[in-house]
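Structure record follows, encoded as C-alpha cells.
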Amino acid sequence: MKKRVQVFAIGSLIFWTALFAGGTSQAKMIVGLSSVNVAFLPVYVTEEKGFFRDEGLDVLLVLFNAGSTNFQALMGGDVQIMGSAFVETLGGRAAGFDIKNFWGICNIMPFQLYSQPDFKSMKQAKGKRFAISRFGSLTDFLTRSSLRHFGVDAKDVTILQIGSTPARFAALSAKGVDASLVWFPVTEIAKAQGYNKLLDLKEVFPEWPYETFAAKETYLSKERDQVTKFLRAYQKGVKYTHENKDDAVKIMLKYVKLDPAYAPAGYGEYRDSFPLDGKIAEKIIPAVIEEEFQTGRIKKKVTLEDMIDRSFMKALGR
C-alpha cells in the first residue's frame, strides 16, 4: 500500500498525516510526541524500520512542541498514546484525569541552564527573564526547581512562555531573555558561542525519568493487545538503536534538525538511556510529587501506583 506523508503546521502543533489510496487491514494508532529530539530516537527508528507494520499496526506520529498540548490531545481523544516527560503527566493525574505512564522511553536528565555572558551567577537572578516552553511543561517545572536549588523565589524573576528549545535559544541569542534551559545539541552551540552555563541539572537530578509512554487507563485496559503489539515493535526499535549506531544516526538526522557533526555525540550521550525493558527511573518521583504539592502546583498528592501501570513492563520487560 503506497503511503504518502505530509507535514502541516496548525498553531503550536506540527503533525504528520498519512493519506492512503484505499483501505488497510492494519490497526490504526495515533501516537503524540511532545517534542522533536534525540530522546525519541528509538521511536523514529521503529517507524523507519517498519517494526510497527510488522506487528500489524499503522502508527501515525503526531509531533508537538510542548507536553501540555500533547496531554490535551490525549485527553481529547486525538491521540491514543503520548510520548512525553513524566512530569507532564503528574499534574493531569493529580487533577483527576485518566492517565497512566506504562513504559520508559528515556531515563536521563538532558537539560542545562544557560544564560547571557554577563549573567554569571544565580545571585544575579532577581529581575531576570527565564524562558520556558509552556506553563505546566517540564521546562517550567525544572526552571522553578533550579531557582529553588539556588534559593531564588520564582516571584522575583519573570518566566516567559517561548516555545521549543530552538525558539528559546533564539530568544536568548536575541537578548529577549536572560536564561533558558536547553538540551543537546543546543548545549554545545551555547557553550561555543560564549553563553554562561549556570547549572547542569544532572547535579540536581542525577537519575531522571525523562520521557515515557502514557495513555488513558481505560485505553490501556480496553486495547491491551494493541498496546502489547506496539511495545513489542518498540522493543525491536530500541534493540536496533543500541546495535546499529550508523543507521540510527542517519534516522536521527532525518527527524531531528541538527548539525550532522553533532549527531554521533548525541547518539553516544543518549544510547544507554533507552531501556529495553521499559524501566522508568522511579526513585526521584515521590520527591517530585512532594515538591509539586508543597508549592501548590498540584492540589492533591498522588502515589507511584497512581502514576504507573507496571503490568506491561512485567509482561514484556524480561
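Side notes on the structure shown:
- Filtered by the rule that a residue be of a type outside the set (Lys, Arg), surrounded by fewer than 19 Cβ atoms within 10 Å (Cβ to Cβ) and either in contact (Cβ under 8 Å) with a residue 40 or more places away in the chain or part of a loop (DSSP other than H, G, I, E, B) (or both), the stretch 117-135 gives Pro117, Asp118, Phe119, Ser121, Gly127, Phe135.
- Residues that are aliphatic (A, V, I, L, M) and farther than 18 Å from Lys299 by Cα, drawn from the stretch 84-105: Ala85, Ile105
- Residue match in the stretch 165-173 (condition: open to solvent by 40 Å² or more (accessible area, probe 1.4 Å) and in contact with a helix residue (DSSP H, G or I) (Cβ under 8 Å, 6 or more places away or on another chain)): yes
- Pairs linking a residue in the stretch 71-98 that is among the β-branched types (Val, Ile, Thr) to a residue that is open to solvent by 40 Å² or more (accessible area, probe 1.4 Å), with Cβ atoms under 6 Å and 6 or more positions apart or on different chains, are Val79/Ile30.
- The set of residues in the stretch 186-230 being under 19 Å from the mean Cα position of the chain (by Cα) and either β-branched (Val, Ile, Thr) or crowded, with 22+ Cβ neighbours inside 10 Å (or both) consists of Val186, Thr187, Val204, Trp208, Pro209, Tyr210, Glu211, Thr212, Phe213, Ala214, Ala215, Phe230.
- Pairing each residue of the stretch 147-163 that is in contact (Cβ under 8 Å) with a residue 12 or more places away in the chain and under 12 Å from Phe135 (Cβ atoms) with any residue that is open to solvent by 60 Å² or more (accessible area, probe 1.4 Å) and among the aliphatic types (A, V, I, L, M), provided the two are 6+ apart or on different chains, yields no C-beta distance under 8 Å.
- The stretch 286-318, subset among the β-branched types (Val, Ile, Thr) and outside any loop (DSSP other than H, G, I, E, B), residue surrounded by the fewest Cβ atoms within 10 Å (Cβ to Cβ): Val288
- Identity of the residue in the stretch 47-84, assigned to a loop (DSSP other than H, G, I, E, B) and open to solvent by less than 10 Å² (accessible area, probe 1.4 Å), that ends up nearest to Tyr219 (Cα to Cα): Val79
- Figure legend. Inter-residue proximity from the stretch 250-270: first residues over 18 Å from Val43 (Cα atoms), second residues at pLDDT 90 or above, beta-carbon distance below 7 Å, spacing 6+ or different chains. Indicated pairs: Pro260/Leu253.
- Residue check, Ser35 open to solvent by less than 40 Å² (accessible area, probe 1.4 Å), within 28 Å of Lys254 (Cα to Cα) and touching a helix residue (DSSP H, G or I) at 6+ places or on another chain (Cβ under 7 Å): no
- Residues that are without any contact (Cβ under 8 Å) to a residue 40 or more places away in the chain and within 24 Å of Ile280 (Cβ to Cβ) within the stretch 177-213 comprise just one, Glu203.
- Scanning the stretch 85-116 for residues that are in contact with a Lys or Arg (Cβ under 6 Å, 6 or more places away or on another chain), open to solvent by less than 40 Å² (accessible area, probe 1.4 Å) and part of a loop (DSSP other than H, G, I, E, B) yields a count of 2.
- Qualifying residue in the stretch 146-160 (condition: under 25 Å from Ile285 (Cα atoms) and open to solvent by less than 10 Å² (accessible area, probe 1.4 Å)): yes
The values are calculated or read from the model by the stated rules, or taken from the named source; none is laboratory data. Small disclaimer: the values here were computed from a predicted structure and weren't measured. Here Cβ is always computed from backbone atoms with ideal geometry, including for glycine, and neighbour counts include all displayed protein chains. All accessible areas refer to the heavy atoms of the entire protein, side chains included, with ligands and DNA or RNA removed. Shrake-Rupley method; radii C 1.70, N 1.55, O 1.52, S 1.80 Å.
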